[in-house]
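Shown next, in structure tokens, is the structure this report addresses.
The values are calculated or read from the model by the stated rules, or taken from the named source; none is laboratory data. Since the structure is predicted, the reported quantities are computational estimates derived from the model, not experimental observations. A quick note on method: Cβ atoms are made from the backbone with ideal geometry, for glycine too, and the neighbour counts reach across all protein chains shown. Just the protein is used for accessible areas: all its heavy atoms, side chains included, with ligands, DNA and RNA removed. Shrake-Rupley method; radii C 1.70, N 1.55, O 1.52, S 1.80 Å.
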Amino acid sequence: STLISKNRQKQTRLDQLIEWCGGGDFDGLVMLDECHKAKTIELDANGNPKTEGRGPKKRDKSSQTAKNVVNLQQALPRARVVYCSATS
């Protein structure tokens, strides 16, 4: 969805959003609609998305959207985040 798309200059929407917010000092509100798309996430003890396997068989255990939601919250640690979804 929106958090995983890129523009013509190959900048991700996530990068654009972080830049628009002004980076880590942003302390405003981020509201995520349709957040059920980010529900597949498994984090390690450090709060990073887990992977499984090794070498060429290594793969993510989390969806790209879910990883970007985590990345957004890590990039904007002072932001207030609201998750909205009409779907479970």
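Can you tell me which residues in segment 16-32 are under 13 Å from the mean Cα position of the chain (by Cα) and open to solvent by 40 Å² or more (accessible area, probe 1.4 Å)? The answer is GLN16, LEU17, MET31. Scanning segment 25-41 for residues that are under 11 Å from VAL70 (Cβ atoms) and assigned to a loop (DSSP other than H, G, I, E, B) returns a single hit, ILE41. The residue pairs whose first member lies in segment 73-88 and is free of Cβ contacts under 8 Å to residues at least 12 places away in the same chain, whose second member is surrounded by 12 or more Cβ atoms within 10 Å (Cβ to Cβ), and whose beta carbons are closer than 8 Å, counting only pairs six or more residues apart or on different chains, are GLN73/ALA79; GLN73/VAL81. Across segment 42-88, the qualifying residues are those that are assigned to a helix (DSSP H, G or I) and farther than 18 Å from ASP15 by Cα, and the one among them that is most open to solvent (accessible area, probe 1.4 Å) is LYS57.
Only one of the numbered conditions (1) surrounded by 10 or more Cβ atoms within 10 Å (Cβ to Cβ); (2) of a type outside the set (S, T, N, Q); (3) in contact (Cβ under 8 Å) with a residue 12 or more places away in the chain is violated by ARG13, and that is (3). Just wondering, is there one or more residues in segment 32-48 that are touching a residue at least 24 places away in the same chain (Cβ under 8 Å) and among the acidic types (Asp, Glu)? Yes, that holds for at least one residue.
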